[in-house]
Each structure stands twice: as structure tokens, then as C-alpha cells.
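The values are calculated or read from the model by the stated rules, or taken from the named source; none is laboratory data. From a predicted model like this one, the values you see are computed outputs, not experimental measurements. Cβ sites come from the backbone with ideal geometry, for glycine too, and all protein chains shown count toward neighbours.
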């Protein structure tokens, strides 16, 4: 069963990871109010790396925290490109 919470803080993520461990899969957590609307490429890449790093110890599906009409397709493309490069660096 899933529940949509929106973007989680680092403290909330840590709590959920401690409570549920690898039985939990987080979805999203890429900010749509700034990162995917008007952030620079470097900011998007840093946000993706941070989300991937914080996801260790359980499942994670990289995605926008929510959706709305102001999301910039260019920034989503940068998010996906950085995710692909990050996946290649992660041990399986």
C-alpha cells in the first residue's frame, strides 16, 4: 500500500528508513517549486545526487515530488541524465 506525502525532509526520511528499512520504497523527493522549474543544471544535478545518496538502505524511485504546469522540461531532462550517470556509479 502506498501513501503520497509530498516532499520529505531529511529527518522524515531517516525516521522512515529506521522504522521500515529495506521494506520501504520512497518515490519522488525532487523539488518542483524551484529545482524542476528554474534551477540551474548544476543545482538539478546536485539535488538528484543528494536524493540518490539519501535513498541508500532501501528502495527509491526518482521522480518529481509532485507535478504542475510550471515544471520545465529541460530541468526534467537534466534530472534524468544525472540519474542515469548516478546509476552507473552505484553498486548493484
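Across the stretch 65-79, what is the total count of residues that are free of Cβ contacts under 8 Å to residues at least 12 places away in the same chain and assigned to a helix (DSSP H, G or I)?
Total meeting the criteria: 3.
What is the residue count in the stretch 16-33 for residues that are surrounded by fewer than 16 Cβ atoms within 10 Å (Cβ to Cβ) and assigned to a helix (DSSP H, G or I)?
Of the residues in the stretch 16-33, 7 are surrounded by fewer than 16 Cβ atoms within 10 Å (Cβ to Cβ) and assigned to a helix (DSSP H, G or I).
Here are some conditions: (1) modelled with pLDDT under 80; (2) out of contact with any helix residue (DSSP H, G or I) (no Cβ under 7 Å at 6 or more places or on another chain). Residue 34 meets all but one. Which one does it not meet?
Result: residue 34 passes all but (1).
From (1) within 29 Å of residue 18 (Cα to Cα); (2) modelled with pLDDT of 95 or more; (3) assigned to a loop (DSSP other than H, G, I, E, B), pick out the condition that doesn't hold for residue 43.
(3)
Of the residues 62, 36, which single one is in a strand (DSSP E or B) and crowded, with 16+ Cβ neighbours inside 10 Å? I'd like the intermediate steps shown before the answer.
Details: 36 fails: in a strand (DSSP E or B).
Matching residue, one of 62, 36: 62.
If you go through the stretch 46-57, how many residues are part of a loop (DSSP other than H, G, I, E, B), on the phi < 0 side of the Ramachandran plot and surrounded by 13 or more Cβ atoms within 10 Å (Cβ to Cβ)?
1
Enumerate the pairs (first residue in the stretch 81-92 and over 16 Å from residue 44 (Cα atoms); second residue anywhere and modelled with pLDDT of 90 or more and exposed (fewer than 11 other Cβ atoms within 10 Å of the Cβ)) with beta-carbon separation below 7 Å, excluding pairs fewer than 6 apart on the same chain, so at least 6 apart or on different chains.
Partner pairs satisfying both residue conditions: none exist.
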